[in-house]
């Protein structure tokens, strides 16, 4: 009986110790878990706070930039307004001056057109007795062209002007002498057939020699102002027709008298 009682008491003690040892272990584990949760929450909160601080810093920087841009824009607007006021005060005079200058330019250009139109008509009247296969008169780029064919002026390969050609140049010179404010360019042209004589070595020499011959007739024989005339040779390099036919080559063997308005007054006005 006593033995049984001892066993029961001993068992009760063991059971009590078991309850006592199990109770504190669960609470400790629960506490540790809560601490870990709190630590994680604290780290997240700290990270979010850091991000918020960085965002606030960026917003403050953007605000400062916007304020600076606004101030700069206001300064630019004030400067532009001042420039506009200055330009407005100056432009009234400029517009008036430009209007007068434009009117002067238009007057000069129209005057030149009138002169060249009258000149073309006068030359056509003076040379009306010559055939179309001997010469032609036309306008191009504001200039009057008098194209004289070889058959009117020269024998083949020669730079000596025939009597009939001299009469045509005399009639032309009479018109030119009565026309002021024009410049004259004499251009000699050939076909592409090579030439070599005792007097000329090639087509360059022939075209230049023919232009010089006409210049001498206009100036020395007919009194045209040599300061207003220029001679040049173009050789075969500016044809008006194909050189593969007899007619085409004949058309390219020509001397052109190019009459252009004197641009001194116009250039003087443009340089102001």
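I need every pair where a residue in region 127-146 that is under 13 Å from residue 254 (Cα atoms) has its Cβ under 8 Å from the Cβ of a residue that is exposed (fewer than 12 other Cβ atoms within 10 Å of the Cβ), sequence separation at least 6 or different chains.
Pairs that qualify, where the first residue is under 13 Å from residue 254 (Cα atoms) and the partner is exposed (fewer than 12 other Cβ atoms within 10 Å of the Cβ), are 145/138.
What are the residues in region 196-214 that are in a loop (DSSP other than H, G, I, E, B) and buried (at least 18 other Cβ atoms within 10 Å of the Cβ), if any?
Listed by number, the list holds a single entry, 200.
Which ones in region 106-138 are surrounded by 14 or more Cβ atoms within 10 Å (Cβ to Cβ), within 32 Å of the chain's Cα centre (by Cα) and over 18 Å from residue 171 (Cα atoms)?
108, 111, 112
Do we find that residue 164 is modelled with pLDDT of 95 or more and surrounded by 14 or more Cβ atoms within 10 Å (Cβ to Cβ) in this structure?
No.
Touching a strand residue (DSSP E or B) at 6+ places or on another chain (Cβ under 8 Å) and either at negative phi or at pLDDT below 95 (or both) - does that describe any residue in region 104-115?
yes
Given (1) within 21 Å of residue 233 (Cβ to Cβ); (2) surrounded by fewer than 17 Cβ atoms within 10 Å (Cβ to Cβ); (3) touching a strand residue (DSSP E or B) at 6+ places or on another chain (Cβ under 7 Å), identify the lone condition not met by residue 155.
The failed condition is (3).
So residue 192 ticks every box in (1) touching a residue at least 12 places away in the same chain (Cβ under 8 Å); (2) surrounded by 13 or more Cβ atoms within 10 Å (Cβ to Cβ); (3) touching a helix residue (DSSP H, G or I) at 6+ places or on another chain (Cβ under 7 Å); (4) assigned to a loop (DSSP other than H, G, I, E, B) but one. Which box is left unticked?
(3)
The values are calculated or read from the model by the stated rules, or taken from the named source; none is laboratory data. The structure presented is a predicted model; accordingly, all values stated were derived computationally and were not measured. Quick reminder, even Gly has a Cβ in these numbers, built from the backbone with ideal geometry, and neighbours come from all protein chains shown.
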